[in-house]
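Asks: Have a look at this one.
Nothing in this text is a laboratory measurement; each read-out follows from the coordinates by a stated rule. Every value quoted in this text rests on a predicted model; they were computed, and no experiment measured them. Methodologically, a virtual Cβ is constructed for each residue, glycine included, from the backbone with ideal geometry; neighbour enumeration extends over all protein chains shown.
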Amino acid sequence: MASGIVRRVDSLGRVVIPKEIRKVLKIKENEQLEIKVEDDKIILSKYSDIHDYDKSINNLVNVIKDISNKDIIITNLNKIVITSKDYKDYLGIELNSYLLNILDNRKNIEELTPNNLKITDKEINVSYVIKPIIIHGDTIGLIMMLSDTDILKNDLDLLTLLENYLINYLE
């Protein structure tokens, strides 16, 4: 029983993923895909350098939370993958257009005093810093620091430490 879209394999072994499917799955040009084989199926998945099972990153995020009382959220290109304790409910949430725009434009955002931020479908009032994680010229995700109080220079230093650790860990 055949279903879906049929494509031919060219002489180099390439198959074009139809534009409609790329659009639905938000697959961008030059984005990496992971290829797996299960039984007689080839499975393509969006690839991410950052995974929710990275225990050492989780541990460091929680240490920073304990030291600074600031929350940390780490994303890959599609969703939230690591959070400090207070934001565990955000794990797995897909990035909204605001966060995707920060990724695409490689912008650093700093609101060091409480302001409105929309990470999910509801707004929260927090101080925040949002930075793209860039490795070898490629953006691989975002790192965020959130707080009910002002974010201070010491907090920014801890965020830089985490950012540098991530870059070294993932290279």
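Asks: Residue check: is Asp121 without any contact (Cβ under 8 Å) to a residue 60 or more places away in the chain, at negative phi and of a type in the set (Asp, Glu)?
Replies: yes
Asks: Identify the residue in the range 133-152 that is within 20 Å of Val81 (Cα to Cα) and surrounded by 20 or more Cβ atoms within 10 Å (Cβ to Cβ) and, among all such residues, is farthest from the chain's Cα centre (by Cα).
Replies: Looking only at the range 133-152, we keep the residues that are within 20 Å of Val81 (Cα to Cα), and these are 133-135, 138-147.
From what is left, the residues that are surrounded by 20 or more Cβ atoms within 10 Å (Cβ to Cβ) are 133, 140-146.
On the way: Ile133: 9, Ile140: 7, Gly141: 4, Leu142: 5, Ile143: 8, Met144: 10, Met145: 14, Leu146: 16 Å.
Filtering the range 133-152 for residues that are within 20 Å of Val81 (Cα to Cα) and surrounded by 20 or more Cβ atoms within 10 Å (Cβ to Cβ), the one farthest from the chain's Cα centre (by Cα) comes out as Leu146.
Asks: Quick check on the range 116-143: of everything there that is charged (D, E, K, R) and in a loop (DSSP other than H, G, I, E, B), which residue is nearest to Lys70 (Cα to Cα)? Give the derivation first.
Replies: So the first thing to find is which residues in the range 116-143 are charged (D, E, K, R), and the list is 118, 121-123, 131, 138.
Now restrict to residues that are in a loop (DSSP other than H, G, I, E, B): 121-122.
Details: Asp121: 22, Lys122: 20 Å.
The selected residue is Lys122.
Asks: Going by the conditions given, is Ser84 loosely packed, with under 12 Cβ neighbours inside 10 Å and either within 16 Å of Asn58 (Cα to Cα) or out of contact with any Pro (no Cβ under 8 Å at 6 or more places or on another chain) (or both)? Talk me through it step by step, then tell me what you get.
Replies: Details: loosely packed, with under 12 Cβ neighbours inside 10 Å: no; either within 16 Å of Asn58 (Cα to Cα) or out of contact with any Pro (no Cβ under 8 Å at 6 or more places or on another chain) (or both): yes.
No, not satisfied.
Asks: I've got another one for you. Does Val61 count as of a type in the set (Val, Ile, Thr) and more than 22 Å from the chain's Cα centre (by Cα)?
Replies: Numbers: of a type in the set (Val, Ile, Thr): yes; more than 22 Å from the chain's Cα centre (by Cα): no.
No, not satisfied.
Asks: What residue, of Glu20, Glu29, Glu94, is of a type in the set (Asp, Glu) and surrounded by 10 or more Cβ atoms within 10 Å (Cβ to Cβ)?
Replies: Working: Glu20 fails: surrounded by 10 or more Cβ atoms within 10 Å (Cβ to Cβ); Glu29 fails: surrounded by 10 or more Cβ atoms within 10 Å (Cβ to Cβ).
Selected residue: Glu94, the only one of Glu20, Glu29, Glu94 that is of a type in the set (Asp, Glu) and surrounded by 10 or more Cβ atoms within 10 Å (Cβ to Cβ).
Asks: Of (1) of a type in the set (Asp, Glu); (2) within 26 Å of Leu25 (Cβ to Cβ); (3) touching a strand residue (DSSP E or B) at 6+ places or on another chain (Cβ under 7 Å), Glu111 satisfies all except one. Which?
Replies: Unmet condition: (2).
Asks: Suppose we filter the range 154-169 for residues that are farther than 12 Å from Val61 by Cα and crowded, with 21+ Cβ neighbours inside 10 Å; how many remain?
Replies: 1
Asks: Here's another thing I want to ask about it. Enumerate the strands (runs of 3 or more DSSP E) found wholly within the range 1-114, keeping only those where 3 or more residues are closer than 20 Å to Asn168 by Cβ.
Replies: Details: elements: 33-38, 41-46, 71-75, 80-83.
By residue number, 71-75.
Asks: Looking at the range 6-18, which of its residues are of a type outside the set (A, V, I, L, M) and farther than 19 Å from Ser45 by Cβ?
Replies: Arg8, Asp10, Ser11
Asks: If you don't mind, another one. Provide a single number: the residues in the range 136-153 that are in contact with a helix residue (DSSP H, G or I) (Cβ under 9 Å, 6 or more places away or on another chain) and over 19 Å from Asn58 (Cβ atoms).
Replies: Step one: of the range 136-153, the residues in contact with a helix residue (DSSP H, G or I) (Cβ under 9 Å, 6 or more places away or on another chain) are 139-147, 151-152.
Narrowing further to those that are over 19 Å from Asn58 (Cβ atoms): 139, 147, 151-152.
Qualifying residue count, the range 136-153: 4.
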